[in-house]
């Protein structure tokens with residue numbers, strides 16, 4: 001049996017008397033390029049789980065394994081260097097920098113030259129600039145953002161800013177990309193485009209784990225879905241299995257069936 005790409009074993013997080021996640025198990029297996037979603041009503045513990053996976057929050061108990069290596073409690077930048085990168089619900093941008101400049105900045109995790117070499121403009125620093133600039137343009141092309149490469153972030157609509165956030169995550173060269181509500185605030189046309197581009201990202205060999213409230217998008221894009229409810233995982237399966245699961249339907253009781261895609 002092959003080693004999972006990413007695995008959560010018994011992850012639990014308590015804040016005083018509040019348990020945000022309890023004994024959550026999750027496996028992102030091979031082959032690379034799968035899209036797996038984590039869903040659940042508000043307050044189900046999805047964001048807390050993501051923070052623990054990416055190192056932004058230490059679990060009270062349990063383990064996180066990346067390709068079999070225990071990364072529990074590691075700092076986020078170390079985890080990113082190992083290949084697990086998280087994007088955020090709100091893309092932080094510099095209004096006056098272009099889309100290309102944002103992706104190039106995100107590439108700095110993988111530059112070879114030292115800070116001093118960059119200041120001195122050494123041959124290695126110039127080589128970094130050329131190599132990472134080419135990679136940045138390739139990422140913008142993958143994300144269908146080439147036309148916006150030289151556009152300042154302040155002039156980009158919300159849909160393109162969401163795609164730029166994913167592009168910046170890809171600049172860190174992830175093997176696993178955690179997307180935190182990547183389609184929030186998008187209209188249906190923007191969502192459809194973002195879903196199609198996320199599939200292109202996965203097809204390039206990057207495994208994607210996402211938290212998302214847009215159930216139509218989740219059902220359209222996911223290979224597998226994990227469902228959290230009050231901090232516990234209550235179901236796991238394909239979109240078809242999740243649609244038919246009585247526990248999932250009960251957890252979402254009172255919400256619009258059309259909204260849930262159930």
When 179, 160 are arranged by how many other beta-carbons sit within 10 Å of their Cβ, fewest first, they go 160, 179
Expected 222 nm ellipticity per residue - DSSP helices of 4 or more, -39500 (n - 2.57), all of the chain, to 500: -11000 deg cm²/dmol
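Calculate, for residue 152 and residue 77, the FRET efficiency according to 1/(1 + (r/R0)^6) with r their C-beta to C-beta distance and R0 30 Å; round to the nearest 0.05.
According to the calculation, E is roughly 0.65.
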Using a Gaussian network model on the chain with a 10 Å cutoff between Cα atoms, which of 122, 87, 191 fluctuates the most? 122
Where does each of 143, 219 land when they are ranked from fewest to most other beta-carbon atoms within 10 angstrom? 219, 143
By how many nm would the segment from residue 97 to residue 243 grow when fully extended, if each residue of separation counts as 0.36 nm and the alpha-carbon distance is taken off? 48.3 nm
Modelled FRET efficiency - R0 45 Å, residue 234 with residue 131, Cβ distances, 0.05 increments: 0.45
Looking at the chain as a GNM with Cα springs under 10 Å, which of 233, 13, 75 has the largest mean-square fluctuation? 75
Rounded to 10°, Cα long-axis angle of helix 188-203 versus longest principal axis of the chain: 80
Which residue, 76, 41, 157, has the most motion in a Gaussian network model of the chain that connects Cα atoms within less than 10 Å? 157
Calculated FRET efficiency, residue 189 and residue 223, Cβ-Cβ r, R0 25 Å, to nearest 0.05? 0.55
Which order do 88, 94 fall in if you start with the one that has the fewest other Cβ atoms within 10 Å? 94, 88
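We did not get these values from a lab; they are worked out from the coordinates using the rules stated. These numbers were taken from a predicted model, which means no experiment stands behind them. Because the Cβ atoms are built from the backbone with ideal geometry, glycine has one as well, and the counts that use them run over all protein chains shown.
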